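Heads up: the structure comes next, in structure tokens.
The values are calculated or read from the model by the stated rules, or taken from the named source; none is laboratory data. Here the structure is a predicted model, which is why all the values come from computation and not from measurement. Cβ placement follows ideal geometry from the backbone for every residue including glycine, while neighbour counts extend to all protein chains displayed. Each accessible area value is taken on the protein alone, full model and side chains, heavy atoms only, with ligands, DNA and RNA left out. Shrake-Rupley method; radii C 1.70, N 1.55, O 1.52, S 1.80 Å.
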Amino acid sequence: MADAIHAHAPAAQQTDILERLARLLAAAGRDAALHHRLCQTPKAVLAEAGLAVADGVQVTIRITDSADAAAIAEATTPDHLVLPVPPLAGQDALSDADLDHVSGGNRFYDQVQTFGPSFTTGIPGIFGLR
């Protein structure tokens, strides 16, 4: 039985990382100070959120709306984390796509939860889970 539990640990850890990352990115879209710090010192902010990035991993920030977040995150590799950070709320007019989703909850959080295989494949190396 212990083997079955260990077999599921990496998936559970990846899910936890995605959830923490989603909360952090969504919060950065609402909090100007956090947004600024994440853009200036992403590794430090990630570490504060319990997401310490492994040594040698580069982190790039791309300001993007929720419609493009998954495509930007797909540029992530095991040695390079590309974070699609939402623009600050109230900084820009909402796009038609964002207006369509305003009443649908936290669109950016939902996007992070559905990032594709390139992003999720990189998670173990990026966050030292190899």
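One table, with the values for the structure above:
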{"item": "Cβ-Cβ under 6 Å pairs, at least 6 apart or on other chains, segment 17-44 side under 21 Å from Gly122 (Cβ atoms), far side in a loop (DSSP other than H, G, I, E, B) and not small (Gly, Ala, Ser)", "result": "Ile17/Phe127; Arg20/Leu51; Ala26/Asn106; Lys43/Val53"}
{"item": "Residue satisfying all of: in segment 32-60; of a type in the set (Val, Ile, Thr) and open to solvent by less than 50 Å² (accessible area, probe 1.4 Å); nearest to Asp16 (Cα to Cα) among these", "result": "Val53"}
{"item": "Qualifying residue in segment 5-13 (condition: touching a helix residue (DSSP H, G or I) at 6+ places or on another chain (Cβ under 9 Å), open to solvent by 40 Å² or more (accessible area, probe 1.4 Å), at pLDDT 90 or above and not small (Gly, Ala, Ser))", "result": "no"}
{"item": "Segment 119-130, subset under 17 Å from Leu25 (Cβ atoms) and not in a loop (DSSP other than H, G, I, E, B), residue modelled with the highest pLDDT", "result": "Ile126"}
{"item": "For Val112: the one exception among (1) open to solvent by less than 20 Å² (accessible area, probe 1.4 Å); (2) at pLDDT 85 or above", "result": "(2)"}
{"item": "Residue match in segment 75-82 (condition: assigned to a helix (DSSP H, G or I), at pLDDT below 90 and not hydrophobic (A, V, I, L, M, F, W, C))", "result": "no"}
{"item": "First in segment 110-130 and over 24 Å from Ala67 (Cα atoms), second anywhere and of a type in the set (Asp, Glu) and at pLDDT 75 or above, Cβ under 7 Å, 6 or more apart", "result": "Gly125/Asp79"}
{"item": "Number of the condition not met by Ala89 [criteria: (1) at pLDDT below 85; (2) part of a helix (DSSP H, G or I)]", "result": "(2)"}
{"item": "Scope segment 14-46; condition part of a helix (DSSP H, G or I), of a type outside the set (A, V, I, L, M) and at pLDDT 95 or above; matching residues", "result": "His35, His36, Arg37, Cys39, Gln40, Pro42, Lys43"}
